[in-house]
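One structure below.
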Amino acid sequence: MSDHDPWAGVPRPRRPERAADPDELRVIGLRRRAAVARSVNEVCRLVHVRAFEHGWTVSTISGYIQLCLTLEDLLEASTAASERGLLRATALAAADSAS
């Protein structure tokens, strides 16, 4: 008799590993994430960032909402590539001052 169970269905593929975030320890916690969201909102006028316990949501004027779990995702969703370095420094300074 075979070990195959026809009622079990097709097994799901494994989830991909979460990307390592080098800034994770600096932005962990709701207070720090909220400080990062405020600093991004002050700099970027075309998006609205909201913080939650495990990341941020970025809303655009058109109504598109993107979920960002890392600071790098947040920077990609909110600004152009040429301005990410300065925005990263501003966001991390806000997170450090919130603790």
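As a footprinting exposure proxy, order 7, 56 by other Cβ within 10 Å, with the fewest listed first.
Numbers: 7 4, 56 24.
Placing the least packed residue first, the sequence is 7, 56.
Fewest Cβ neighbours within 10 Å first, please rank 61, 28 accordingly.
On the way: 61 9, 28 15.
Listing 61, 28 from fewest to most nearby Cβ atoms yields 61, 28.
Placing unit charges on C-beta atoms (Lys and Arg positive, Asp and Glu negative, everything else neutral), compute the dipole magnitude of the range 26-99 about its Cα centre in debye, rounded to 20. Could the numbers behind the result be given before it?
Numbers: 9 positive and 7 negative charges, 41 e Å.
My answer is approximately 200 debye.
From the list [x] 13.7; [y] 15.6; [z] 15.1, can you say which value of Kirkwood radius over Cα pairs in Å was derived from the structure given?
Only one option fits the structure, namely [z].
Going 7 Å from the Cα of residue 45 along its beta-carbon direction, which residues of the range 73-96 have the amide nitrogen within less than 20 Å of the resulting point?
77-84, 86-88, 90-91
Once phi is turned into θ = phi - 60°, what whole-Hz ³J(HN,Hα) does the Karplus curve with 6.51, -1.76 and 1.60 give for every residue of the range 37-47, x standing for Gly and Pro?
4, 4, 5, 5, 5, 5, 8, 9, 8, 8, 10
Computed from the coordinates by the stated procedures, all read-outs in this text should not be read as laboratory data. Predicted model, so just to flag it, every value in this text is computed and none were measured. Heads up, the Cβs are rebuilt from the backbone with ideal geometry, glycines too, and the neighbour counts pull from every protein chain shown.
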